[in-house]
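Below is one structure, written out as structure tokens; the observations come after it.
The values are calculated or read from the model by the stated rules, or taken from the named source; none is laboratory data. In this text the structure is predicted, and so the values were computed from the model without any measurement. Note that each Cβ is placed from the backbone with ideal geometry, even for glycine, and that neighbours are counted across all protein chains shown.
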Amino acid sequence: MNAANVQFPKLSNNNYHVWKFNMELLLLERELWDIVVNDVPDVQDSRWLARDGKARATIGLAVEESQKVLIKQLRNAKAFWDTLKKHHEKANITNKVSLLRLMSSKRLVSGQSMENHINDFLSIADRLRDLGESLEEHKIVAFLLGTLPDDYNNLISSLEMRPEADLTMDFVKEKLIQEFKRKSKCEGENEAAFKIQKKG
């Protein structure tokens, strides 16, 4: 398939970082990248105007209708690019802070399965990565362990004693789910024993 025909999601309020990378590749493939990164020349010859028009069309057709209000009054591709970058990178900072606060405050709640808790947590991490936040695996693991209640402290201590290279997400996820199932089984047995004792 010709690279020029590659499709990717249009720019919205939530995907700028991924869209920016895809658009850069597309403009490079079409040999138009210099149009958006170089200053607009004082003398704009017919060749430059034709290439600028192609770059504007490439960018403009790859944004959702809600984004076109930001660029529809602009007259060259560099202005398109710079305006979208300024708008979304400013918004990204706010979004990153919000998601980091959400990640830091998240806790395993009563009645929630460990697997669902981990999946919810990892979805926040994925959204942060989409915004360009660098999150190494060991950092995500550390954040995740911080979301657990005090009765997981023994498990957390044993995990912290292991070499950092062992603490992959897959390994930690497996250990947490095993511990959750063990605790659930013990709670079920204790509840059954209490009911029998009460009945007796």
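State yes or no: is Ile59 within 30 Å of Glu187 (Cα to Cα), at pLDDT 95 or above, surrounded by 11 or more Cβ atoms within 10 Å (Cβ to Cβ) and aliphatic (A, V, I, L, M)? So Ile59 does not fit the description; no. Might you let me know whether the range 39-51 holds any residue that is farther than 30 Å from Phe171 by Cα, of a type outside the set (A, V, I, L, M, F, W, C) and either assigned by TED's automatic domain parsing to the domain that holds Lys183 or surrounded by 13 or more Cβ atoms within 10 Å (Cβ to Cβ) (or both)? Yes.
Restricting attention to the range 130-170, which residues are free of Cβ contacts under 8 Å to residues at least 24 places away in the same chain, assigned to a helix (DSSP H, G or I) and among the charged types (D, E, K, R)? Lys139, Asp150, Glu160, Asp166, Asp170, listed by residue number.
Among the conditions (1) at positive phi; (2) in the same structural domain as Asp45 (by TED's automatic domain parsing), the only one that Lys86 does not satisfy is (1).
With respect to the stated conditions, Val18 fails to be assigned to a loop (DSSP other than H, G, I, E, B), farther than 18 Å from Thr83 by Cβ and modelled with pLDDT under 95.
Working only within the range 73-85, note down all residues that are in a loop (DSSP other than H, G, I, E, B) and either more than 21 Å from Leu26 (Cα to Cα) or hydrophobic (A, V, I, L, M, F, W, C) (or both). Result: Gln73, Leu74. Looking across Lys181, Lys86, one residue alone is modelled with pLDDT under 95 and closer than 30 Å to Asn22 by Cα. It is Lys86.
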